[in-house]
Amino acid sequence: MTKKVIVSACLAGLNCRYDGDNKRREDIVEMVKRGEAIPVCPEQLGGLSTPREPAEAVEEKVLTINGRDVTFEYSRGADEAFLITQMSGATEALLKSKSPMCGVGSVYDGSFTGTMKNDDGIFTKLLKKAGIKVTPVD
Ligand code: SF4
């Protein structure tokens, strides 16, 4: 059986980013085509629309640039994407860097100034806790 890898859907070319765009990477698109990778967008799975306001983690919450609390949607989306991860049997994930959901080791600091802080995205935290190997992709 082919080993499955979870990938951030925006890296696979889906237009699921907050701005309605993607971060397509041809190597990841090829992995999906070969049946090796499963694209997920936890933000969309949490019920957030596309396009949407950018959001960043602020302490225990996730807030949009206009102050809307989207912590529930982020939590729900991470849970749903984690369920897909478990069902697929994936033991690895390639995730979009810096994102408040998919970031690995470094995410925006909540000031909406482009400043980074050392932390993981909400989905990434769930994967790491379950022992899934996560790698950031720019
Ligand atoms: Fe990409 Fe993840 Fe953000 Fe979805 S939640 S747009 S997959 S970085």
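The values are calculated or read from the model by the stated rules, or taken from the named source; none is laboratory data. Just so it is clear, the model here is predicted, and its values are computed rather than measured. When we count neighbours, we look across all protein chains shown, and the Cβ atoms used for this are built from the backbone with ideal geometry, even at glycine.
Among the conditions (1) without any contact (Cβ under 8 Å) to a residue 40 or more places away in the chain; (2) not in a strand (DSSP E or B), the only one that D119 does not satisfy is (1). The residue that is nearest to K96 (Cα to Cα), counting only those in the range 2-22 that are more than 9 Å from the ligand (Cβ to nearest atom) and in contact (Cβ under 8 Å) with a residue 60 or more places away in the chain, is I6.
Per-residue answers, yes or no, for (1) under 17 Å from V5 (Cα atoms); (2) assigned to a helix (DSSP H, G or I); (3) out of contact with any Gly (no Cβ under 6 Å at 6 or more places or on another chain):
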site: P39; (1), (2), (3): yes, no, yes
site: G67; (1), (2), (3): no, no, yes
site: A81; (1), (2), (3): yes, yes, yes
site: G105; (1), (2), (3): no, no, yes
site: K125; (1), (2), (3): yes, yes, yes
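Only one of the numbered conditions (1) touching a strand residue (DSSP E or B) at 6+ places or on another chain (Cβ under 7 Å); (2) in contact (Cβ under 8 Å) with a residue 40 or more places away in the chain; (3) within 15 Å of the ligand (Cβ to nearest atom); (4) under 21 Å from K128 (Cβ atoms) is violated by R25, and that is (4). Quick one: would you say P42 is within 25 Å of T113 (Cα to Cα) and in contact (Cβ under 8 Å) with a residue 40 or more places away in the chain? Taking the combined requirement at face value, the residue satisfies it. Screening G67, G89 for residues that are away from the ligand (no atom under 12 Å from the Cβ), surrounded by fewer than 16 Cβ atoms within 10 Å (Cβ to Cβ) and free of Cβ contacts under 8 Å to residues at least 12 places away in the same chain leaves exactly one candidate, G67.
Scanning the range 12-30 for residues that are touching a Leu at 6+ places or on another chain (Cβ under 7 Å) and of a type outside the set (D, E, K, R) yields N22, I28. Report yes if some residue within the range 129-138 is surrounded by fewer than 18 Cβ atoms within 10 Å (Cβ to Cβ), modelled with pLDDT under 95 and either under 19 Å from G47 (Cβ atoms) or under 14 Å from the mean Cα position of the chain (by Cα) (or both); otherwise report no. Checked against the condition, which is being surrounded by fewer than 18 Cβ atoms within 10 Å (Cβ to Cβ), modelled with pLDDT under 95 and either under 19 Å from G47 (Cβ atoms) or under 14 Å from the mean Cα position of the chain (by Cα) (or both), the range 129-138 yields at least one hit. Exactly one residue among F72, F82 is within 16 Å of the ligand (Cβ to nearest atom), aromatic (F, W, Y), without any contact (Cβ under 8 Å) to a residue 60 or more places away in the chain and under 17 Å from A130 (Cα atoms), and that residue is F82.
Out of the range 92-115, which residues are of a type in the set (S, T, Y) and touching a residue at least 12 places away in the same chain (Cβ under 8 Å)? Result: S97, S99, S106, Y108, S111.
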